[in-house]
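Working notes, structure below.
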Amino acid sequence: MAKKDGKRYSCIECGYVSLVPSGKCPRCGAWGTLEEEIPVAPSMAAAGTAKILTPVDISTLEPPRRLASGFGELDRVLGGGWVPGGVVLLGGQPGIGKSTLLLQVCGHISSTGRRVLYISGEESPSQLGLRAKRLKILHDGLDVCCHTVIDDALALAKDHSLIVVDSVQAMRTSQAEGWPGTPTQVRATAQVCVNYAKEHGIPMVLVGHITKEGRIAGPMLLEHMVDAVVMFADDNSSVYRTLRASKNRYGGTDEMGIFEMRSDGLAEVPDPSYLYWNRSDGAVSGVVMTVIMEGSRPLVAEIQTLASESSFAYPKRAGIGLGANKIGMLLAVLQSRCALPSLRDDIYCNVAGGLEIHDPGADLALAASMASALTGRNVLSECCLIGEVGLAGEVRPVSGLAQRLREAARLGFKRAVVSSREEKPRLDAEIELIRVLSVGEALARASVVEP
Ligand SMILES: Nc1ncnc2c1ncn2[C@@H]1O[C@H](COP(=O)(O)OP(=O)(O)OP(=O)(O)O)[C@@H](O)[C@H]1O
Ligand SMILES: [Mg+2]
Ligand SMILES: [Zn+2]
């Protein structure tokens, strides 16, 4: 029931709506995040412009012509480039390289003879100039505007093919009250941008800072308003950066883009499989290779396990880049289906290179890695293991096996352990397939346990 004054307060962190002001959000427990909601301004669209579209109407509409960013990695994450009228929120920790990435994108687009508008509320013209010089992106058509009032800055936009707003927290709009960075201003600024993009059919990028918790400040406010949310992160590495979409109205969210930070800016990583693979010469027990799918791209991943005698009542199980539940489940499978008990061992699992694995196709390799650490026997040389593992210890087929095997063969693997429940993939690549039904069989064939 709304109170008489009709005011609503919403939490900028979690979106909780309250009818009374409060210092602490009852849902997420954050302090000072409840702000009064400002009623939505009257719609800009003229009355009587709504119309009905039939299936024929919408199916004969031309698909939007996407604008390439100049980075294949970024285009793939976006679903094929910038979409006219689409608004993308780019989030990431301070200093991760958001401005660098977008300046380089602007540089590329302007080098193709188009015009782009880079609105910066954070840097001075001289700072931007220095950076643009270092990135070598000073082309005609790169228009820069250092200003913090979004309405004024957008009034300068004309025939631009892309507009960047760096950052949404640094800008304010004359259409709302408050300091820049406050929820009211952030929301109103984003709304001004979204309206502008839709009205003019221009793609826009908003840079958003993220909070300590790793979310974009005011996430509930912004994430709903924009068409895509893309996060730039460092994957625990100093030079490599990964780009992922957490929301995308124009494409999937399972693609990952990989960049390297260099002194002359960000560069695409041509062969990312090598990033996550140590290629250690001598085989080591507990180290097993697999090929996972990151979106549509196969990536070689190296899983490492260390088992050591536990001094705790409950042995420790820890994983970096792997879920603890998965580790626990596969240890249980090893114990019950393969007679490999681990109750006296602390188990530490890690994925090399800071990669995070969510692909169940890595199950078999993880199981083999733990088994290898427990038995002390090395896995067969030049061999990778690909397969999902079920509770009965069965090895299940995975998606994209042919692609994974091709990648493994390309990188020099001679053999792969896969599920025999899977049709033999057609391959032009040379790689021996070791087809197995169960984890036990896989471990024996990969020489992790005595055959
Ligand atoms: N002169 C330089 N030479 C080499 N690398 C540099 C130089 N200046 C900055 N960098 C790199 O660029 C990074 C900063 O990138 P950038 O300013 O694009 O990040 P950002 O995400 O926009 O940060 P912010 O949130 O502060 O705006 C630095 O962390 C550093 O790695
Ligand atoms: Mg910046
Ligand atoms: Zn909250």
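The values are calculated or read from the model by the stated rules, or taken from the named source; none is laboratory data. This structure is a prediction, so every number in the text was calculated from the model and none was measured. We place every Cβ from the backbone using ideal geometry, glycine too, and count neighbours over all the protein chains shown. The protein model used for the area step is the full one, side chains on, heavy atoms only, and it has no ligands, DNA or RNA in it. Shrake-Rupley method; radii C 1.70, N 1.55, O 1.52, S 1.80 Å.
3J(HN,Hα) couplings calculated from phi for the stretch 187-203 with the Karplus curve 6.51 cos²θ - 1.76 cosθ + 1.60 (θ = phi - 60°) are, in sequence order, 5, 5, 4, 4, 5, 4, 5, 4, 4, 5, 4, 5, 5, 9, x, 10, x Hz; Gly and Pro show x. Between the amide H of Gly178 and any residue lying 5 or more places away or on another chain, no distance stays under 5 Å, with hydrogens modeled in the peptide plane. Our coupling estimate for the stretch 115-130, obtained by passing each phi through the Karplus curve with A = 6.51, B = -1.76, C = 1.60 and θ = phi - 60°, is 10, 10, 10, 10, 9, 10, x, 10, 10, 7, x, 5, 4, 5, x, 4 Hz, Gly and Pro reported as x.
Using the Cβ of Ser311 as centre and a radius below 13 Å, the other residues enclosed give a net charge of -1, where K and R count +1 and D and E count -1. Between Ala50 and Val284, the modelled labels are 6.4 nm apart [label points 7 Å from Cα along Cα→Cβ].
Partners of Lys316 within straight-line reach, counting aspartates and glutamates whose Cα lies under 15 Å from its Cα and excluding those fewer than 8 residues away in the same chain: Asp345, Asp346.
According to the square roots a ≥ b ≥ c of the eigenvalues of the Cα gyration tensor, what is the shape class of the stretch 64-270, taking rounded for a/c under 1.5, prolate for a/b larger than b/c otherwise, and oblate for the remainder? Since a/c stays below 1.5, the shape of the stretch 64-270 is classed as rounded.
Work out the count of Lys pairs in the stretch 135-273 where the Cα-Cα distance is under 25 Å, with the pair 8 or more places apart or on different chains.
Numbers: Lys136/Lys158; Lys158/Lys198; Lys198/Lys247; Lys212/Lys247.
The number of close lysine pairs in the stretch 135-273 is 4.
Debye sum, Cα scatterers, the chain, no solvent: what log₁₀ I/I(0) at q = 0.06, 0.08, 0.09, 0.10 1/Å? Results for the chain at q = 0.06, 0.08, 0.09, 0.10 Å⁻¹ read -0.35, -0.60, -0.73, -0.85.
When Leu427, Leu243 are compared by accessible area of protein heavy atoms, the largest-first order is Leu427, Leu243, using a 1.4 Å probe.
Cα gyration tensor of the stretch 315-402, axes a ≥ b ≥ c as square roots of the eigenvalues: rounded (a/c below 1.5), prolate (a/b > b/c) or oblate? Because its axes are fairly even, with a/c under 1.5, the stretch 315-402 counts as rounded.
A simple spin-label model places the labels of Leu130 and Gln335 5.9 nm from each other, with each point 7 Å out along Cα-to-Cβ.
With the whole protein complex present, Tyr348 retains an accessible surface near 80 Å², based on a 1.4 Å probe. Full extension of the chain between Thr112 and Met225 gives 37.7 nm of extra length, using 0.36 nm per residue less the Cα-Cα distance. Per residue, the accessible area of the chain comes to 48 Å² when a 1.4 Å probe rolls over the protein heavy atoms. Separation between the Ser174 and Leu427 pseudo-spin-labels, each 7 Å from Cα along Cα→Cβ, expressed in nm? The modelled label-to-label distance comes out at 6.6 nm.
The listed residues Ser111, Ser419, Ser447 rank as Ser111, Ser447, Ser419 when sorted by accessible area, largest first, using a 1.4 Å probe.
For the set Val287, Val389, solvent exposure ranked by accessible area (probe 1.4 Å, protein chains only) runs largest to smallest as Val287, Val389. What percentages, rounded to whole numbers, describe P(r) for the stretch 275-445 computed over all alpha carbon pairs with 5 Å bin width beginning at zero? Calculated over all Cα pairs of the stretch 275-445, the distribution is 1, 10, 20, 23, 22, 14, 6, 2, 1, 0, 0 percent. Solvent exposure of Met261, expressed as accessible area, is near 50 Å², computed with a probe of 1.4 Å over the protein chains only.
Adding -39500 (n - 2.57) for every DSSP H run of four residues or longer, then dividing by how many residues the chain holds, sets the calculated 222 nm ellipticity at -7500 deg cm²/dmol.
Across the accessible surface of the chain, with the other protein chains kept in place and a 1.4 Å probe, carbon and sulfur atoms take up 53 percent.
Think of it this way: in the chain, Cys106, Cys145, Cys146, Cys193, Cys338, Cys349, Cys383, Cys384 stand alone, with no other Cys Cβ under 4.7 Å. Rounded to 0.05, the FRET efficiency of the Asp151 and Gln93 pair, given R0 = 22 Å and the Cβ-Cβ distance, is 0.15. For Glu255, nonlocal amide neighbours, meaning residues 5 or more places apart or on other chains whose placed amide H falls under 5 Å from its own, are Ala245. Remark on Arg241: its backbone amide H falls under 5 Å from those of Phe259, Glu260, Met261, a criterion applied only to residues 5 or more positions apart or on other chains, H modelled at 1.01 Å from N. For the stretch 374-451, just say rounded, prolate or oblate: build the C-alpha gyration tensor, square-root its eigenvalues into a ≥ b ≥ c, call rounded for a/c under 1.5, and beyond that prolate if a/b exceeds b/c, oblate if not. In terms of gyration-tensor shape, oblate.
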